[in-house]
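Trainee: A single structure is presented below for examination.
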């Protein structure tokens, strides 16, 4: 069976071609963008008297020029993604920069937005960088449980061009964040080149693989290293004698409160607000101790 040279070349090229990506198949990356919007909204409260809302409006894949052409009059902040071997761009459209400045200085979004094409001031550039750094910090934290992206600020580009990241057709994953202050709106974008995503696509496809913000990183690392022993703080409450306000007010330094040793009085032990076990107060070797009755799961073992 013969095969034309052209057909063989096409087959070889297909073997080495990157597989197709789609945002639907990268749920972890989309979750990272959603969390980024929330974190920026929380972080900006420290400097803005009036709350600004940040929400993920859209996430997808496209060419870099499609995004950069739209934000040509805005600002771009470039970060080195040391962990992924690429660059990440966080950008703000012009109206967003002015909205941010107005909010920081007590504005409520009711003033007419500026329409001139003047250069950005140092203050405007710094405030924009503050938002960009909030976005970078969010990505660093969220993606640390997958593959550390390690974003480090590199430079600011006050004049955006379609070839800022290289050829205009450079493929990127991009997120558009809607920013609102009362009736005024603006946009922010994040771009990550696809070349940095391809090696990690299998990890970004598994939603269960990322580390939740609620996970204690110290515990996670200790469990990985093999946990042998640790110290846990318990709070024990004796469910026995009740005191009136008059009795409490009468307490003085040196007053003695007797602890009940009767078996009918339970001691409830909790850790971080959750009940661990119930016990009774006993004496052992000249010290007070707790004899466990039942654990929170109902077991006495």
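Trainee: To the nearest 0.05, how large is the calculated FRET efficiency for residue 72 and residue 231 if R₀ is 51 Å and r is the Cβ-Cβ distance? Write out the running numbers ahead of the final one.
Mentor: Details: r = 57 Å, r/R0 = 1.12.
Between residue 72 and residue 231 the formula returns 0.35.
Trainee: OK, next. Translational diffusion coefficient of region 20-215 at 25 °C, 0.890 mPa s, Stokes-Einstein with Kirkwood Rh over Cα pairs, in µm²/s as a whole number.
Mentor: 145 µm²/s
Trainee: Using label points projected 7 Å from each Cα along Cα→Cβ, tell me how many nm separate residue 38 and residue 182, to one decimal.
Mentor: About 2.8 nm separates the two model spin labels.
Trainee: Taking the beta-carbon count within 10 Å as an exposure proxy, list 122, 30 from fewest neighbours to most.
Mentor: In increasing order of surrounding Cβ atoms, one gets 122, 30.
Trainee: Quick one: order 79, 54 by neighbouring beta-carbon count within 10 Å, fewest to most. Don't skip to the answer; put the middle values down first.
Mentor: Numbers: 79 25, 54 22.
If I rank by nearby Cβ atoms, fewest first, I get 54, 79.
Trainee: Moving on. Mind sorting 77, 288 by how few other Cβ atoms lie within 10 Å of their own Cβ, fewest first?
Mentor: Working: 77 22, 288 10.
Placing the least packed residue first, the sequence is 288, 77.
Trainee: Sticking with this structure for a sec: Can you tell me the length gained on complete extension of the stretch residue 156 to residue 246, counting 0.36 nm per residue apart and subtracting the Cα distance?
Mentor: Going from the current span to full extension adds 25.8 nm.
A short reminder: the numbers here are calculations on the coordinates, not readings from a lab. The structure displayed is predicted, hence computed values, not measured ones. Because the Cβ atoms are built from the backbone with ideal geometry, glycine has one as well, and the counts that use them run over all protein chains shown.
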